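This report refers to the structure that appears directly beneath it.
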Amino acid sequence: MTRGRSLRLALLFICAISVVAQEQPKLSRPEEAGFASDRLNRITQFFQSEVDKGAIPGAVLVVARNGKIVYRQAIGYQDREKKIPMKVDSVFRIFSMTKPVTSVAVMMLAEEGKIDVMAPVTQYLPEFKDVKVGVEKMDPAGGKPYLAFEPPGRAMTVQDLLRHTSGLVYGPFGNTLVHQEYNKANLFDPGQTLAEFVSKLAKLPLAHQPGTVWEYGMNTDVLGRIVEVASGMPFDRFVEEHVTKPLKMPDTGFYMDPAKLQRVAQLQIDPATGKRPEFGNSDDLTKEKVRWFSGGGGLLSTASDYARFCQMLVNGGELEGVRLLSPKTLAVMTSDQVPPHASRVGQMQVTQDLNPFPELGQSFGLGFAVRTDVGHSAVSGSVGDYFWAGAAGTYFWVDPQEKLYAVMMLQMPFTEAGPYRRGLREIVYGALLH
């Protein structure tokens, strides 16, 4: 290689670094947004101590208020075993933090008159026209439970899908006969299309009568297919053209350019098993490999990208002159949507602070859990704040009262992530002085 060519390549590399640096918004002094710097820096101390003792590989965290980013830090390792440091542009599997993005897409189409939120799901997906409700009964002769099938008392609606009151469930989240049927159906097949997924799911029974029970389930994946039908374009393309590209979220999508695979954050090896927890292989994340655009859990993103999505929400549906939703639509989405008479099924030991239960002062809107009461929950926050998390440890919340949001990106088993969600909340609100 000639010296001239080497110099040109070096200059190109420097320019590339400059572009990346320019894409990161300027940090503001915490005091400009009402925070105490020394108290906000406890975030670094908390997460670094967890890295040092081997509890987590690393994390990227962003906190903003009044449109000013006051904290942004990459801590620990993107891949502990390979000693690759975490970077602010590391890419994470955000799993169920996909749901708010999908829900925004649905409501954008509702604002265009292309989706009727109160309409039966069969208006868009006739595959569900014969769906039944599975009811467990006991065989008096053999003494074993069996499934009987009843017609739904009313049709499940798009609203039911958005708020998880449709009767669709996640198979691994329960052990009823209906949950077992879901587990047998290979619903998480990465090789299926959304149309094939819906065709498979529509043959299974509902676990509850629509509108009577809140139970977290495969609702948002069905919404992804409704977006396809209503918009006339593949779900991945709709999300890219109408959400991520307008919001300048270049690293958010259902797949990525192979050149970006080196930026994917990895879960660390579990010392108890000597293996890395199973959450997918980085080699399966390219466009050629992904067919199932899971509206419930398929997106990859970065802390900076998801921060832009959160800032759009804080702003009432708009960011830098680009409006996705009206403030009124967002207000409906982030209000309590669970029917007053509905019961709620959740895994208190697993989901803990996320459960939309009245005893926690929380409920569920259209795509988000929402805080309904200043009391009941032991976790700091404001009435009206809304939030959700992902299966591999990611988390965010938006506090409209304080015009604040926070994003936590880390990769670890979900069952162990609760202390980090709660710890981040307590440190952030503990640093907010006015």
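Taken together, the values in this text are just the output of simple stated rules run on the coordinates, not laboratory data. Source: prediction; values computed, not measured. Reconstructed Cβ throughout: ideal geometry from the backbone, glycine too, with neighbour counts over all protein chains shown.
Shown for LEU325, LEU299: other C-beta atoms within 10 Å of each C-beta, ranked fewest to most, produce the order LEU325, LEU299.
Dipole of region 161-262, Cα-centred, from +1 at each Lys and Arg C-beta and -1 at each Asp and Glu C-beta, to the nearest 20 debye?
Details: 9 positive and 11 negative charges, 28 e Å.
In debye, rounded to 20, region 161-262 gives about 140.
Distance between the modelled labels on ALA259 and MET118, one decimal in nanometres: 5.0 nm (7 Å Cα→Cβ projection). Only Cα pairs under 8 Å and 6+ residues apart enter the sum, and on that basis the relative contact order of the chain stands at 21 percent. As a rough guide to protection, the peptides 141-151, 166-176 ranked by mean Cβ packing within 10 Å, highest first, stand as 166-176, 141-151. Shape of region 244-325 from its Cα gyration tensor (a ≥ b ≥ c, root eigenvalues): rounded if a/c is under 1.5, otherwise prolate when a/b > b/c, or oblate? Verdict is prolate for region 244-325. Evaluated at q = 0.16, 0.19, 0.21 Å⁻¹, the base-10 log of the normalised Debye intensity for region 264-402, with identical point scatterers placed on the Cα atoms, takes the values -1.02, -1.23, -1.33. Modelled label positions at ALA55 and ALA141, each set 7 Å beyond Cα in the direction of Cβ, lie 5.7 nm from each other. Projecting the Cα atoms of THR302, ALA119, ALA207 onto the dipole axis of the chain, where Lys and Arg carry +1 and Asp and Glu carry -1 at the beta carbon, places THR302 farthest toward the positive end.
Give the dimensionless ratio obtained when the Cα radius of gyration of region 104-231 is divided by 2.2 N^0.38 Å. Compared with the compact-globule rule of thumb, region 104-231 sits at 1.08. Listed by Cβ neighbour count within 10 Å, with the fewest neighbours leading, TRP388, TRP397 appear as TRP388, TRP397. Converting phi to 3J(HN,Hα) with the Karplus coefficients 6.51, -1.76 and 1.60 and the offset θ = phi - 60°, region 112-124 yields 8, x, 8, 10, 9, 5, 8, 6, x, 4, 5, 4, 9 Hz in sequence order, with x at every glycine or proline.
Compute the separation of the alpha-carbon centres of region 363-384 and region 98-177 and state it in Å as a whole number. After rounding, the separation between the Cα centres reads 25 Å. By the helix-only formula, in which each DSSP H run with n ≥ 4 contributes -39500 (n - 2.57) and the sum is divided by residues, the chain has a 222 nm mean residue ellipticity of -8500 deg cm²/dmol.
Taken about its Cα centre, region 104-231 carries a charge dipole of roughly 280 debye when the Cβ of each Lys and Arg holds +1 and the Cβ of each Asp and Glu holds -1. How high is the FRET efficiency between GLU81 and GLU416 when r is their beta carbon distance and R₀ equals 25 Å, given to the nearest 0.05? FRET efficiency, GLU81 to GLU416: 0.90.
Using the crude model of +1 on Lys and Arg Cβ and -1 on Asp and Glu Cβ, and no other charge, please compute the dipole size for the chain relative to its Cα centre, in debye to 20. Intermediate results must be reported in sequence, preceding the final value.
Working: 47 positive and 46 negative charges, 218 e Å.
Its charge dipole is roughly 1040 debye.
Each of VAL70, MET97, LEU424 was placed along the dipole of the chain (beta-carbon charges, centred on the mean Cα), and the one lying farthest toward the positive end is VAL70.
For each of VAL198, VAL229, count neighbouring Cβ atoms within 10 Å of the residue's Cβ, then give the residues from fewest to most.
Numbers: VAL198 23, VAL229 18.
The fewest-first ordering by Cβ neighbours comes to VAL229, VAL198.
Toward the positive end of the charge dipole of region 104-231, with +1 on the Cβ of Lys and Arg and -1 on the Cβ of Asp and Glu, the farthest Cα among GLY171, MET156, MET108 is that of GLY171.
When the chain is fully extended, how far beyond the present Cα-Cα distance does PHE173 get from THR212, taking 0.36 nm per residue of separation? All intermediate terms of the calculation are to be shown ahead of the outcome.
Details: separation 39, 0.36 × 39 = 14.04 nm, distance 1.82 nm.
Taking 0.36 nm per residue and subtracting the Cα distance, the gain is 12.2 nm.
Could you grab the relative contact order for region 209-368? Cα pairs under 8 Å, six or more apart, rounded to a whole percent. Here the relative contact order equals 27 percent.
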